[in-house]
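Remarks on the structure that follows.
The values are calculated or read from the model by the stated rules, or taken from the named source; none is laboratory data. Predicted model only: the values in this text are computed from it and were never measured. Note: ideal-geometry Cβ built from the backbone for every residue, glycine included; neighbour counts use all protein chains shown.
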Amino acid sequence: MSAARDQPHAKRRFGQNFLIDTTVIAEILACIAAAPADNLLEIGPGSGALTSPLLRGGAQLTAVEIDHDLIAQLTAQLGHYPGFNLVQGDALSYEFWPAESATRKLRIIGNLPYNISSPLLLRLLSYAGFIEDMHLMLQREVALRLAAAPRCGDYGRLTIACQTVCTAELLFDVDPRSFQPAPSIVSSLVRLTPKPNAPSALLTQALRQVTQLAFSQRRKMIRHTLGKQFSQEELGGLGLEPTLRPEEISVEDYLKLAQLWADRRAR
């Protein structure tokens, strides 16, 4: 079932695909299970498919929208709700801090534009300490990478960056016909829940450097990709065989390598 009437014109430069399937909208709302006390932040509210029912339920919601035309439409449609704060801006440069008056961490929701999903995800992950959870609509291939396990083709740098700070759950897939215009790919709803003890900025930077080296030649053994940075004795001390390939190393072991890297540079 869809609600395609009166949808705004989608702009290609913003990667807009508006959610119109009322059944899918209801399923997403059930997954979010918002409460009036929640501190919600929506990225790209679009036509208000999720925004409107959330506000009707009494939500306190900040929405970040880059499209000036949609700002005008959303203001006219939803501006009367006292809990609605609409911000015109680019999510790639938005500061995802909770308001000083907020008593709870952010709950982030969004149908992320496919063309900026990876850099936007990395930005969101850098704010994980201020976030309670995230419910994000992504292209399925990105969703699979976030939730991937070692030794599978989807496992890579984005997996490690995500799972270092969050638990990733693939909730359900969404057919292209649920959007207007219909994208050429299947989408998936993902829940990301930050872990209680995120690594320090120094360790995160070290992890980024280690994984960049390791995955620069994905099919090569780590004795080739990381051999100049870590001796076989150091790898063995962490329980890692030098014949392993990058996708065979767990997130936990990458963190151990990053810690060794960071400790060495702190001396």
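Just checking, which of Thr51, Thr23 is hydroxyl-bearing (Ser, Thr, Tyr), under 23 Å from Leu121 (Cα atoms) and modelled with pLDDT of 95 or more?
Thr51
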Checklist (1) assigned to a helix (DSSP H, G or I); (2) modelled with pLDDT of 95 or more; (3) more than 28 Å from the chain's Cα centre (by Cα); (4) not β-branched (Val, Ile, Thr) applied to Lys256, failing item: (3)
Matching residues, segment 194-224, being under 23 Å from the mean Cα position of the chain (by Cα), in a loop (DSSP other than H, G, I, E, B), of a type outside the set (Ser, Thr, Tyr) and surrounded by fewer than 16 Cβ atoms within 10 Å (Cβ to Cβ): Lys195, Pro196, Asn197
Meets criteria (charged (D, E, K, R) and either under 22 Å from Pro246 (Cβ atoms) or more than 17 Å from the chain's Cα centre (by Cα) (or both)) for Arg151: yes
Of the criteria (1) in contact with a Pro (Cβ under 8 Å, 6 or more places away or on another chain); (2) at pLDDT below 95; (3) surrounded by 13 or more Cβ atoms within 10 Å (Cβ to Cβ), which one Ala63 fails: (2)
Check on Tyr114, under 30 Å from Ser200 (Cβ atoms), of a type in the set (Ser, Thr, Tyr) and assigned by TED's automatic domain parsing to the domain that holds Ala143: no
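Can you name the residue in segment 225-251 that is outside any loop (DSSP other than H, G, I, E, B), surrounded by 12 or more Cβ atoms within 10 Å (Cβ to Cβ) and of a type outside the set (Val, Ile, Thr) and is also nearest to the chain's Cα centre (by Cα) among such residues?
Glu247
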Segment 165-188 - residue that is outside any loop (DSSP other than H, G, I, E, B) and touching a Phe, Trp or Tyr at 6+ places or on another chain (Cβ under 8 Å) and, of those, nearest to Glu132 (Cα to Cα): Ser188
Hits in segment 67-77 - residues which are touching a helix residue (DSSP H, G or I) at 6+ places or on another chain (Cβ under 8 Å) and either crowded, with 20+ Cβ neighbours inside 10 Å or within 14 Å of Phe18 (Cα to Cα) (or both): Asp67, Leu74
Every residue from segment 16-69 that is under 19 Å from Val186 (Cβ atoms) and part of a strand (DSSP E or B): Phe18, Leu19, Asp21
Leu122 vs. criteria under 20 Å from the mean Cα position of the chain (by Cα) and under 21 Å from Leu189 (Cα atoms): yes
One residue from Arg218, Arg223 being over 30 Å from Val174 (Cα atoms), basic (Lys, Arg) and touching a residue at least 40 places away in the same chain (Cβ under 8 Å): Arg218
Condition met for Arg177 (outside the structural domain of Gly129 (by TED's automatic domain parsing) and among the charged types (D, E, K, R)): no
Filter result (over 27 Å from Ser126 (Cβ atoms) and among the acidic types (Asp, Glu)) within segment 62-92: Asp69
Failed item, numbered, when Arg218 is tested on (1) within 27 Å of Leu136 (Cβ to Cβ); (2) modelled with pLDDT of 95 or more; (3) of a type in the set (D, E, K, R): (2)
